[in-house]
Amino acid sequence: MKQHLIVLDLDGTLLTDDQKILDKTKLTLMKAREAGHQVMIATGRPFRASQLYYNELMLTTPIVNFNGALVHHPKNKSWQMVHTPMDLKVVHDVVDSVDKYQYENLIAEVLDDVFIHSENMAMMDMFKMGDPRVTIGNLRGNLNEDPTSLLIHAEEHKVQQIRDHLEDVHAELIEHRRWGAPFHIIEVVRKGLNKAIGISLIAKEMNIPRERIIAFGDEDNDLEMIDYAGIGVAMSNGINQLKSIANEITTASNNDNGIANFLIDRLKL
């Protein structure tokens, strides 16, 4: 069988709801690599919060972080990193314009530096993974360089209102995605960025055509990736919008080896 590129989202896809990789899924991915296929991760997480799983799978491929705002190769420092942050002025404009919605918190990330607008223990616990440098306090005063991403934490009933506002006022400059539960967060990155952009760069370097890319996802930050891949696979636990554009849907969820079952059948592992 010709070489395929297997692309894995993390939360809700590769990872179970308790943030684990199931043994069957891990073994299947290793078998896929032994059969000559390539395996990579494409996630909205920063690298520090995905490195644990990258290492657990013993990957040696580039990775897409921050939904495409960072594309790099952890095992090859000569590989040209592609980092595409937002303009700081745009971020300030976005922050000013969403003030009226009384958000819960704002978090900006500059690669592995984290800036949290208001102290919140739940937020601190979530963003401490990988031991980043964390600065707490007014974002306008503390953030003085172009951030990789901006996160807006809001009450669930306000998330769509804020997204509608971002689309109406800032659509020419930013992309925004919604996180799944338990945190109701809007993630903002520079306009034109998504996972598919990073995957296309990596696939081109690997000389793997689009039709031999198998991508797995579950949320709205996976839409472009699933649409781009020759075989775009939505998890059975994924959102309906993703399922409607996917080529295939797994028969099992992220908690029941959905990826493994699909690959065993498709790649004859």
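Here is how the numbers come out for the structure above:
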{"read-out": "Pairwise FRET efficiency - Met1 versus Phe183, Cβ, R0 = 45 Å, nearest 0.05", "value": "0.70"}
{"read-out": "Accessible solvent surface per residue of the stretch 1-68, calculated while the other protein chains remain in place, 1.4 angstrom probe, Å²", "value": "37 Å²"}
{"read-out": "Label-point separation, Met206 to Asn138 (7 Å along Cα→Cβ), nm", "value": "4.7 nm"}
{"read-out": "Sum of side-chain charges, Gly217 neighbourhood, beta-carbon under 14 Å (Lys, Arg +1; Asp, Glu -1)", "value": "-4"}
{"read-out": "Among Phe127, Phe216, Phe183: highest mean-square fluctuation, GNM of the chain, C-alpha pairs under 10 Å", "value": "Phe183"}
{"read-out": "Normalised per residue, the volume of the convex hull around the Cα set of the stretch 127-175 (Å³)", "value": "126 Å³"}
{"read-out": "14 Å beta-carbon shell around Met58, net charge (K/R +1, D/E -1)", "value": "+2"}
{"read-out": "GNM flexibility winner over the chain from Asn67, Asn142, Asn255 (Cα, springs under 10 Å)", "value": "Asn142"}
{"read-out": "Kirkwood Rh in Å, taken over the stretch 1-158 so that all alpha-carbon pairs contribute", "value": "17.3 Å"}
{"read-out": "Alpha-carbon spread of the chain, three principal axes, descending order, Å", "value": "55, 40, 34"}
{"read-out": "Cα centre as origin, Lys/Arg/Asp/Glu Cβ charges: the stretch 88-189 dipole, Debye", "value": "140 debye"}
{"read-out": "Selected from Leu29, Leu88, Leu14 as most flexible by GNM, with the chain as the system and alpha-carbon contacts under 10 Å", "value": "Leu88"}
{"read-out": "Percent carbon-and-sulfur accessible area, the stretch 88-189, ignoring ligands, DNA and RNA, probe 1.4 Å", "value": "46 percent"}
{"read-out": "Rg(Cα)/(2.2 N^0.38 Å) for the stretch 88-189, N = residue count", "value": "1.00"}
{"read-out": "Total formal charge among the other residues, if their Cβ is under 12 angstrom from that of Met86, Lys/Arg +1 and Asp/Glu -1", "value": "-4"}
{"read-out": "Karplus 3J(HN,Hα) series, Hz, for the stretch 11-16 with 6.51 cos²θ - 1.76 cosθ + 1.60 (x for Gly, Pro)", "value": "5, x, 10, 6, 8, 6"}
{"read-out": "Heavy-atom surface of the stretch 88-189, accessible at 1.4 Å and reported per residue (Å²)", "value": "49 Å²"}
{"read-out": "Dipole of the chain, positive direction: furthest Cα of Ile185, Ala49, Leu173, with charges on the beta-carbon", "value": "Ala49"}
{"read-out": "Dipole in debye (nearest 20) - the stretch 218-269, about Cα centre, beta carbon charges: Lys, Arg +1; Asp, Glu -1", "value": "280 debye"}
{"read-out": "Point-charge dipole on Cβ atoms (K/R +1, D/E -1) for the chain, about Cα centre, debye to 20", "value": "1180 debye"}
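The values are calculated or read from the model by the stated rules, or taken from the named source; none is laboratory data. Please read these numbers as outputs of a predicted model, since none were measured by experiment. Quick reminder, even Gly has a Cβ in these numbers, built from the backbone with ideal geometry, and neighbours come from all protein chains shown. Accessible surface is based on the protein model in full, side chains and every heavy atom, while ligands, DNA and RNA are left aside. Shrake-Rupley method; radii C 1.70, N 1.55, O 1.52, S 1.80 Å.
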